[in-house]
1. Could you tell me whether segment 21-40 includes any residue that is closer than 19 Å to residue 69 by Cα and touching a residue at least 12 places away in the same chain (Cβ under 8 Å)?
2. Check whether at least one residue in segment 35-48 is surrounded by 14 or more Cβ atoms within 10 Å (Cβ to Cβ), at pLDDT 90 or above and not in a helix (DSSP H, G or I), and report yes or no.
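The values are calculated or read from the model by the stated rules, or taken from the named source; none is laboratory data. Note that this is a predicted model, so its numbers are computed, not measured. Please note: Cβ atoms are built from the backbone with ideal geometry, for glycine as well, and neighbour counts cover all protein chains shown.
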């Protein structure tokens with residue numbers, strides 16, 4: 001902090017920083033993280049994930065890889081499809097929230 005700041009200004013700025021950090025922790029980002037973990041756990045309970053990875057094509061053919069995942073998604077039960085979409089959606093949202101959090105942390109606060 002600035003050496004010319006008074007004790008009151010230091011306390012206020014300390015509290016402002018604390019509120020910003022708490023706002024990041026107690027936010028929709030945390031909800032997205034919990035949703036991601038719960039949906040991923042649900043997929044793991046419904047699908048034998050190790051077998052899916054064993055059956056996955058290991059060649060460098062990107063089209064075969066995409067076709068495999070599309071066929072695996074289409075030929076599974078609706079609950080697994082819903083949980084997969086929920087996992088992907090929460091992962092995208094969580095990535096967005098993390099990027100915003102890092103941007104706000106590394107953006108200097110004007111005094």
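1. Checked segment 21-40: at least one residue is closer than 19 Å to residue 69 by Cα and touching a residue at least 12 places away in the same chain (Cβ under 8 Å).
2. Scanning segment 35-48 turns up at least one residue that is surrounded by 14 or more Cβ atoms within 10 Å (Cβ to Cβ), at pLDDT 90 or above and not in a helix (DSSP H, G or I).
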